[in-house]
């Protein structure tokens, strides 16, 4: 979806790091738990740290409560196999932060109750819950297929959005949020996701509707999820959420679309289907 091409060396670095990360994800899905759980835990905690760093540029956040709740949530998801157990935790985390802020106000004479409780809870909702859903999805009867389709369609969307946008992109999509993304790139990403979904359904010999539905999610809402993270970075006055992944930025930069797509896939196939 980008309108300008990066140097060839940067593109090679980006491709190599993306391939390595993709192989790690596919390997974790294939091996299942506990390997998949461990991989999700690492990615989730790194992403949560990057999110909290962005929040901290504008306000206060309780990292101790956020990381504690995040780790507990993922363990609860894998051992209970029921996301409903996470609901009391979601309510408890911001309340606990407020208790801490009451003590801060009493002892130090200052507090950050609004930003700290809101920012901490937002990290759990935005980062932790989607990764918890992906842990639960792996144990679904079609879990490995759902997860492979989720990641493959999202990656195909990214690749086609870049290729089409860099070659034919002229109409800006949302310049106030991301000045280099184009409508042509968006449509290219949607096309790439649908092509990937169709190819997977054909290769697996499955009814195409479920996989095409995932592809549609990834090709539309996933790209909006990418814009949403761009909005957060713009408000925090940073270019990338981190610098852990060469050519991509932070872990949150690489998995921002996955967060949105995993919620939709879990809701449809883990709850409704």
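Residue separation of residue 203 and residue 167 scaled by 0.36 nm, minus their Cα-Cα distance, works out to 10.0 nm of gained length. Across all directions, the average projected area of the convex hull around the alpha carbons of the chain is 14.7 nm².
In this label model, residue 272 and residue 195 are separated by 2.8 nm, measuring between points 7 Å along each Cα→Cβ vector. Here the gap between residue 19 and residue 183, fully extended at 0.36 nm per residue and compared with their Cα-Cα distance, gives a gain of 56.4 nm.
Fewest neighbouring Cβ atoms within 10 Å first, the residues 181, 239 line up as 239, 181. Relative contact order, whole percent, for the range 128-193 stands at 31, derived from Cα pairs under 8 Å and 6 or more residues apart.
Max-minus-min Cα coordinates of the range 42-98 on each principal axis give 36, 27, 13 Å, with the largest extent listed first. Structural descriptor for the range 215-273: relative contact order 39 percent, calculated from alpha carbon pairs under 8 angstrom and at least 6 residues apart.
How large is Rg over Rh for the range 125-225, taking Rg from the Cα atoms and Rh as the Kirkwood inverse mean of 1/r across Cα pairs?
Values: Rg = 14.7 Å, Rh = 14.2 Å.
Here Rg/Rh amounts to 1.04.
Angle check, please: helix 113-123 long axis (alpha carbons) against the longest principal axis of the chain (alpha carbons), in degrees 0 to 90, nearest 10. Here the helix axis deviates by roughly 30 degrees. Once the Cα atoms are used to define both axes, helix 63-80 deviates from the longest principal axis of the chain by about 60 degrees. Put in order of Cβ neighbour count within 10 Å, fewest first, the listed residues 139, 243 become 243, 139. Cβ-to-Cβ counts within 10 Å put 104, 254 in ascending order as 104, 254, the fewest first. Given R0 = 45 Å, the distance between the Cβ atoms of residue 106 and residue 224 translates into a calculated FRET efficiency of 0.55. Working from Cα pairs under 8 Å separated by at least six residues, relative contact order for the chain is 24 percent. Debye-formula intensities of the range 34-138, expressed as log10 I(q)/I(0) at q = 0.12, 0.22, 0.25 Å⁻¹, are -0.39, -1.07, -1.27 (one equal scatterer per alpha-carbon, no solvent).
Only the coordinates and a few stated rules stand behind these numbers; no lab work does. Given the structure is predicted, the values throughout are model-derived calculations rather than measurements. Every residue, glycine as well, gets a Cβ built from its backbone with ideal geometry; the counts of neighbours run over all protein chains shown.
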